[in-house]
Amino acid sequence: MSHISSKSSYKLLEERLNRLPQGAPASETLYKILAILFSEKEAALVAQLPIKPFTARKAAAIWHMSEAEAAKILNGLASRCILLDYQNKGKTSYMLPPPMAGFLEFSMMRTRHDIDQHLLAELFYQYMNVEEDFIKELFFSTETRLGRVFVNESVLEAGNAVHILNFERASHIIRTAKHIGVSMCYCRHKMEHMGKSCDAPIDDICMSFGNVADSLIRHQHARRVDASECLELLHKAYDYNLVQCGENVRNHVSFICNCCGCCCEALVAARKFGSLHPVETTGFLPALNADACIGCGKCEKVCQVDVIEMQETAGKKLPVIDEDLCLGCGLCARSCPTKSLSLKKTGKKIITPVNSIHRVVLMAIEKGMLQELIFDNKALYSHRAMAAILSAILKLPNSKKNQARQQMKSVYLDKLIERDKM
C-alpha cells in the first residue's frame, strides 16, 4: 500500500512539472530521481504549488497549515535549491524552477553528502543519455529553443565585431549582471561519477546570473564572484576550447554554461541530433582561405560537435565544414595558427526572445499549453504577472498571436490583440 501511495505522490509531482513547456516525461527512472530529491510528503506538497512565484502565505492557504509551518517547509526546500527564493523589498517569494535548467542540475552543482550523488548521476545518465525522451522533449519539442550559443569573442576582435549585438556577447551578460554565481559543472560532475568525464574544468565554471544566482549563492550552491573574476573564468573556458551555451533571451540571462561535446547535455544532443538544432546558433559561419591553410587539422580537433573533417583536395588537406550543423561558436577560427579561418555573418534571421517570460510564452504557445500560464487553478495570477504574460503575447509576430487566440478562445485577449493592431 505504501508503494501505491508513494507512486501517487511522485506521479502528482511529475504532472505538476509537466504543466510548463520545460517538463519531464514520465518514466520509472524519473520517479526514482524524484524520490532521491523529494520525500513523499514534499512531493505531495510541491505538486500543489502555483506555477507563478508565490509567498509562504499563499502556500499555507493551499496546504491548509499555518504560515510559519509553510515557511519552514519552503525554506527547507530552498536550502536544497529545489525551490528558488527571491528577496524583494523585505518579502520572500518562492518558485519551483523547471527540471532543467533547474533543480535537476542544481542537485549536482556542488559536492553534497545529504543525497547519494553517485546513484543520482547514474539515474540522470539513464534518463537523459539512454532513454532520451527527456532530452528530445527539452531541446526539440518547440521551435523556440531553450538555449543559444555565444560566439567566441576573441575571434571577432580582429574583424567583424561591429556585427555582433551586446546581448550576443557573453562578456556583456557578465558585466551587466546584478548577481553572479559560479558553480561546479553539473554535466561533467555527472559524467565523473560515470567514469566518462574529460579534462575540462569542473569547478567554478557554470555561471548563473541575477535572482537565480542570488538564490544559489545564499544556499551555497554557487560562489559569489564579481564581473572581473567571472570574465577571467570565461577566458579560462576559451583556453579549454569550451562552447558558451546560455539562456535564449536578450535581457536578464540566467545562466551560461561552458560546454564540452563529450559531457554537456546540449552539445551531446547537437552531436547526436545535429540536424534538429537543439540550441540556437550564433548567426556566424567559418569561412576558409584555402591558400593560407596549412592543413594542420587543429580546427577539426577543437570542434566540440564534430562538424569539421580534414579532406584531401587537389593534393592538399583542407577542412570541410558541415554548415548545416555548425554552431558558429568560432572555436575553429580561434585555434587556426594561420588565421585561414574567419567568421562571417550568415544573414540568417535569428529571433531571440526578449526575456524569460517572452521565451516561456512562445514555448507554451508552440506546445499548445498557453492556458497553463494564464489559468493556474492553484492561485489566481497577480495583475503584474498577468500583465507580463499579456505583454509578451502582444509582442509576438501575428502567426504566434493567432495561435494564442486559438488556444485561449478569450474575448478579452482577442480585443487586446485587435487594439494592438490599430
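The values are calculated or read from the model by the stated rules, or taken from the named source; none is laboratory data. This one's a predicted model, so the numbers in the text were calculated from it and none came from an experiment. In this analysis, Cβ positions are derived from the backbone assuming ideal geometry, glycine residues included, and neighbour counts consider all displayed protein chains.
I need a count of the residues in the stretch 245-277 that are in a loop (DSSP other than H, G, I, E, B), within 16 Å of Met363 (Cβ to Cβ) and in contact with a strand residue (DSSP E or B) (Cβ under 6 Å, 6 or more places away or on another chain).
Number of matching residues: 2.
Yes or no: the stretch 120-127 includes at least one residue that is under 17 Å from the mean Cα position of the chain (by Cα), at pLDDT 95 or above and of a type in the set (Phe, Trp, Tyr).
yes
Keeping to the stretch 343-374, report how many residues are of a type outside the set (D, E, K, R) and touching a Gly at 6+ places or on another chain (Cβ under 6 Å).
Selection size over the stretch 343-374: 3.
Which of the residues spanning the stretch 287-342 are more than 17 Å from Val155 (Cα to Cα), of a type in the set (Val, Ile, Thr) and surrounded by 15 or more Cβ atoms within 10 Å (Cβ to Cβ)?
Result: Val305, Val307, Ile308, Ile321.
Take the stretch 70-120 and flag every residue that is surrounded by fewer than 14 Cβ atoms within 10 Å (Cβ to Cβ) and either in contact with a helix residue (DSSP H, G or I) (Cβ under 8 Å, 6 or more places away or on another chain) or in a helix (DSSP H, G or I) (or both).
Listed by number, the residues that qualify are Lys72, Gly76, Gln87, Thr111, Ile115, Asp116, His118, Leu119.
Only one of these is in a helix (DSSP H, G or I), surrounded by 14 or more Cβ atoms within 10 Å (Cβ to Cβ) and within 18 Å of the chain's Cα centre (by Cα): Leu216, Leu231. Name it.
That would be Leu216, the only listed residue that is in a helix (DSSP H, G or I), surrounded by 14 or more Cβ atoms within 10 Å (Cβ to Cβ) and within 18 Å of the chain's Cα centre (by Cα).
Within the stretch 21-29, does at least one residue satisfy the condition of being crowded, with 21+ Cβ neighbours inside 10 Å, of a type in the set (Gly, Ala, Ser) and over 20 Å from Ser107 (Cα atoms)?
No, the conditions are met nowhere in the stretch 21-29.
Yes or no, residue by residue, for (1) at pLDDT 95 or above; (2) under 21 Å from Met100 (Cβ atoms); (3) in a strand (DSSP E or B):
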position: Val162; (1), (2), (3): no, no, no
position: Arg175; (1), (2), (3): yes, no, no
position: Lys190; (1), (2), (3): yes, yes, no
position: Lys196; (1), (2), (3): no, yes, no
position: Met207; (1), (2), (3): yes, yes, yes
